Amino acid sequence: MTERRITAGAEEDDPAIERALTTALSTEPLDDQTLERLRATVMDEWRAANAPASFERKGRWIALSVAAVVAALAVGFIVRPTGDAAAVGTIARLDGAIDVRGTFWRHWTAHVGDALKSGETLTAHGPVLLSLMQGGTLRVAAGSVLHLTGGAEVSLAHGLVYLDVAPSIKSSTPLRILTRVGAVEHLGTQFEVLSNEGAVRIRVREGRVRLVGRAGSVVASAGTELLASVRGGISQRSVETYGRDWLWVAALAPDYDIEGRPLIDFLQWVSRELGRRVEYADAHARDLAAHTIMHGSVRGREPLEALADVLATTSLTYEMRADTIRVHSVQ
Amino acid sequence: MYEADRVLVSRMRAGEQRAFDEFFNASASRLAAFVSRRSGLDPASVEDIVQNTLIKAVRNLASYRGEAALFTWVTEICRHELADARRKAVRRPAHDSLDEPDAVAFPVPQLWVPEHREPAAEAEVHRRQEAVIRALNDLPERYARALEAKYGDGLSVKEVAALFGLTTVAAQSLLARARDAFRDRWNSESEVVVGVRRDD
């Protein structure tokens, strides 16, 4: 028995070879943010390792200039306000470990209460709630890697985050989330960003979000999902703002301090956390919510658990109907 | 032999910012492509390896003697970084411990992106790319590096010549020999059995 073999491509000339090589060897280029991050880190190391020799070789006047600059920086540091302009936020909750890589190649494990600053890279091994310096929260799913590129800028290398900045919080430089397909900008909103090597998904729960990419910008409103491929394609569809997909967000909700506050504010907080609007069955129910002042604590309780706990102590009850939390007065 | 690279390193060691910029602009993206092609790692891991490599390079500039192109010297550092990464990956446990539920809580979901190509077409593209990579791996190192520089990094023949310390004519000759050798391997990688005939 013999096999007859036909060799694919034998008759091809160099163009076919060149095409095959070019296609197989092509790789995704580094994006601008990654390059800049790398440049800053490597340049720090290069300066630390090589700069002192250059100062010795150059004249004394350069050394004096450097000394003057150092002195000026030192004065600037001493008189600097207590609040660090480069601080991005603090860790409010942590269910697992979070590794931080800082400048000068330092690594450490962060804890609740630790401040995080621009220039640091976070690897979340468990879900993390960050309280942002400029207001609002950033929730980070386990397995995410974030680079804090500036006081108002976060680069999502890989993973899933949820930004919650209430419309009442005004900032001259709203937080931007940089991704492989562009920057995600907002104005008073709640949205989720999921990024992996192939694509970025943005789900808007409240307000409006703008994705600014190389080819232009796309605006998405609440209840919209954008799916942008690193190859340039982008699609849009409607999504629910409540339900199973958002459970991880509710599980990382910041604690709500109920002591001395009106019930109606608490219901509004639950509404934002669950992505469901509050509807009052009658005027009496609304009046009760507005005039009831709460006491005690629901610390450590997820929004839905807290809602059940609080309403159990009042003459109000509730039921869930799709995107609505319907509040009734008990007859 | 690599006088221009040696001078560049001297300028970097003297603290000249423009020299650092030249080095970084010429190295970072090419190094990322080098790592991607050899490792198949995700972008964040590629970035880590590139960063570690470049940091080690700028810390050890004094050990560069100009005996090879500067980028070749950097890739040697990178090969060690890749080997370290592989060793660490082998040591990592293959499954999550049941004693550490927090470590697997709320993991990042996988994101599925609709592809424009049919699965069969996509598989065919991957198969062809793998055949090219296998053929390259079978080549002598010098040939594979020359083809990678020309077709992967997009260097001109003149730049390839500088990389290998050759004249332009010698670089053209090297590339021609490398292409011939690649063609032989690639053809045998692409062989398909199209029929079986019984010779009684």
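The values are calculated or read from the model by the stated rules, or taken from the named source; none is laboratory data. Just so you know, these numbers come straight off a predicted model, no measurement behind them. Note that each Cβ is placed from the backbone with ideal geometry, even for glycine, and that neighbours are counted across all protein chains shown.
Which one of these is surrounded by fewer than 17 Cβ atoms within 10 Å (Cβ to Cβ), touching a strand residue (DSSP E or B) at 6+ places or on another chain (Cβ under 9 Å) and either at positive phi or of a type in the set (S, T, N, Q) (or both): A:S195, A:S171?
Numbers: A:S195 fails: surrounded by fewer than 17 Cβ atoms within 10 Å (Cβ to Cβ).
Answer to the check: A:S171.
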Practice problem: Can you confirm whether the range B:100-113 contains a residue that is at pLDDT 60 or above and of a type in the set (A, V, I, L, M, F, W, C)? | Solution: no
Quiz item: When the range B:62-93 is examined, which residues are found to be farther than 15 Å from B:R30 by Cβ, at pLDDT 80 or above and surrounded by fewer than 16 Cβ atoms within 10 Å (Cβ to Cβ)?
Solution: B:A62, B:S63, B:R65, B:E67, B:H80, B:A83, B:D84
Exercise. Give the number of residues within the range A:87-136 that are surrounded by fewer than 21 Cβ atoms within 10 Å (Cβ to Cβ), outside any loop (DSSP other than H, G, I, E, B) and touching a residue at least 60 places away in the same chain (Cβ under 8 Å).
Key: 7
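So, in the range B:154-199, of the ones that are in a loop (DSSP other than H, G, I, E, B) and within 9 Å of another protein chain (Cβ to nearest Cβ), which residue ends up modelled with the highest pLDDT?
Top of the filtered list is B:G154.
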Quiz item: Are any of the residues in the range A:143-159 closer than 28 Å to A:R277 by Cβ and either facing chain B (nearest Cβ under 10 Å) or buried (at least 20 other Cβ atoms within 10 Å of the Cβ) (or both)?
Solution: no
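Please go through the range B:52-68 and pick out each residue that is assigned to a helix (DSSP H, G or I) and over 15 Å from the mean Cα position of the chain (by Cα).
B:N52, B:I55, B:K56, B:A57, B:V58, B:R59, B:L61, B:A62, B:S63
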Exercise. Run A:G300 past the list (1) under 27 Å from A:L160 (Cα atoms); (2) of a type outside the set (F, W, Y); (3) modelled with pLDDT of 90 or more; (4) not in a helix (DSSP H, G or I) and report the number of the one that doesn't hold.
Key: (3)
Self-check item: Residue under evaluation A:V204, criteria (1) modelled with pLDDT under 90; (2) under 16 Å from the mean Cα position of the chain (by Cα), criterion not met
Solution: (1)
Exercise. State yes or no: is A:G182 away from chain B (no Cβ under 13 Å) and modelled with pLDDT under 85?
Key: no
Practice problem: Go through (1) in contact (Cβ under 8 Å) with a residue 24 or more places away in the chain; (2) within 16 Å of the chain's Cα centre (by Cα) and name the single condition A:V239 misses. | Solution: (2)
Quiz item: Are there any pairs, at least 6 apart or on different chains, whose C-beta atoms fall under 6 Å, with the first in the range A:16-35 and more than 14 Å from B:A149 (Cα to Cα) and the second of a type in the set (F, W, Y), and if so, which?
Solution: none
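Kindly indicate the residue of the range A:256-292 that is part of a helix (DSSP H, G or I) and of a type in the set (S, T, N, Q) and also farthest from the chain's Cα centre (by Cα) among those meeting that condition. Steps first, answer last, please.
The first filter runs over the range A:256-292 and keeps only residues part of a helix (DSSP H, G or I), leaving A:263-274, A:283-291.
Cutting the leftovers down to of a type in the set (S, T, N, Q) gives us A:268, A:271.
Details: A:Q268: 23, A:S271: 21 Å.
Residue satisfying both the conditions and the ranking: A:Q268.
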